[in-house]
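Here's the structure we're looking at; comments come further down.
The values are calculated or read from the model by the stated rules, or taken from the named source; none is laboratory data. This one's a predicted model, so the numbers in the text were calculated from it and none came from an experiment. Cβ sites come from the backbone with ideal geometry, for glycine too, and all protein chains shown count toward neighbours. Note: accessible area is taken over every heavy atom of the protein model, side chains too, but ligands, DNA and RNA are not part of it. Shrake-Rupley method; radii C 1.70, N 1.55, O 1.52, S 1.80 Å.
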Amino acid sequence: MNLLDIMRSATVIPVIAIDDPATAVPLARALVAGGIRVLEVTLRTAHGLDAIRAMSQVEGAIVGVGTLTQPEEFAAARDAGAVFGVSPGLTPALIEAAKKSGLPLLPGVMTPSEVMAAREAGFRQLKLFPAVPAGGVGMLSAIAGPLPDVTFCPTGGISIDTAPQFLKLKNVACVGGSWLTPKDAIKAGDWGLITDLARAAAALSAA
């Protein structure tokens, strides 16, 4: 699957931070059981790579790595089993690292100039981040006219209530969200709740 195929199969990509490695596999199984297969595991904790390695073995899971900010993280994440990467922004060093690693990258952008710079670098799939502070639905609607060949995964400040407003836009393939993986539920091992949240997210459609 290429990056656009992954995005179009996602509806919502959960942004996952693993504090306890033992929760990685049951969390992935709970999300997949609810119909959410594309999982972004961030490197915000010390257990990110271990979680990617474990979750990539869960049947049906399409595991990517998030919060890529250093060039050396690309190859490490790829070797751990990640099949795509997500970054909060884009720099020349990250562009080079993505090319060398072969890991498809969904880079974060916030302004029209950043979108144009990313497009010039060869990226047509982008993450609007942080989506709501960046202008949200209004920003994406406005940018669709002059830059119609770019597809977005807006992330940051989006909830299950506001997600349909984004999903109805022609230049949005999916959204990113952290509401599918509440820390309290993960800590308690309430995998049934996670599956219910995933099922509701997978059922979302454009408002």
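Contact map, the range 175-190: residues that are within 20 Å of residue 152 (Cα to Cα) paired with residues that are among the acidic types (Asp, Glu), Cβ distance under 9 Å, separation 6+ or inter-chain. Pairs shown: 176/40.
Within the range 104-117, restricting attention to residues that are over 17 Å from the mean Cα position of the chain (by Cα) and not charged (D, E, K, R), which residue is least open to solvent (accessible area, probe 1.4 Å)? That would be 115. Under the condition of being in a helix (DSSP H, G or I) and surrounded by fewer than 17 Cβ atoms within 10 Å (Cβ to Cβ), the residues counted in the range 66-75 number 2. Take residue 177 and decide whether it is touching a helix residue (DSSP H, G or I) at 6+ places or on another chain (Cβ under 8 Å), buried (at least 18 other Cβ atoms within 10 Å of the Cβ), of a type in the set (Gly, Ala, Ser) and farther than 26 Å from residue 32 by Cβ. Against the criterion (touching a helix residue (DSSP H, G or I) at 6+ places or on another chain (Cβ under 8 Å), buried (at least 18 other Cβ atoms within 10 Å of the Cβ), of a type in the set (Gly, Ala, Ser) and farther than 26 Å from residue 32 by Cβ), residue 177 does not qualify. Tally the residues that are among the aliphatic types (A, V, I, L, M) and either over 23 Å from residue 198 (Cα atoms) or open to solvent by 70 Å² or more (accessible area, probe 1.4 Å) (or both), restricting the search to the range 138-169. Selection size over the range 138-169: 7. Scan the range 2-39 for residues that are modelled with pLDDT of 95 or more, open to solvent by less than 10 Å² (accessible area, probe 1.4 Å) and outside any helix (DSSP H, G or I) and the total you get is 9. Report whether or not residue 61 is in contact (Cβ under 8 Å) with a residue 12 or more places away in the chain, in contact with a Lys or Arg (Cβ under 7 Å, 6 or more places away or on another chain) and among the small types (Gly, Ala, Ser). Here the answer is yes, as residue 61 does meet what is asked. If I filter the range 129-151 for residues that are over 19 Å from the mean Cα position of the chain (by Cα), touching a residue at least 24 places away in the same chain (Cβ under 8 Å) and within 18 Å of residue 74 (Cα to Cα), do I get at least one hit? Looking through the range 129-151, none of the residues is over 19 Å from the mean Cα position of the chain (by Cα), touching a residue at least 24 places away in the same chain (Cβ under 8 Å) and within 18 Å of residue 74 (Cα to Cα). The residue pairs whose first member lies in the range 26-47 and is over 22 Å from residue 203 (Cβ atoms), whose second member is acidic (Asp, Glu) and in a loop (DSSP other than H, G, I, E, B), and whose beta carbons are closer than 6 Å, counting only pairs six or more residues apart or on different chains, are 45/19.
Among the residues of the range 180-192, those identified as surrounded by fewer than 17 Cβ atoms within 10 Å (Cβ to Cβ) and either in contact with an Asp or Glu (Cβ under 6 Å, 6 or more places away or on another chain) or more than 14 Å from residue 14 (Cα to Cα) (or both) are 184, 187, 188, 189, 190, 192.
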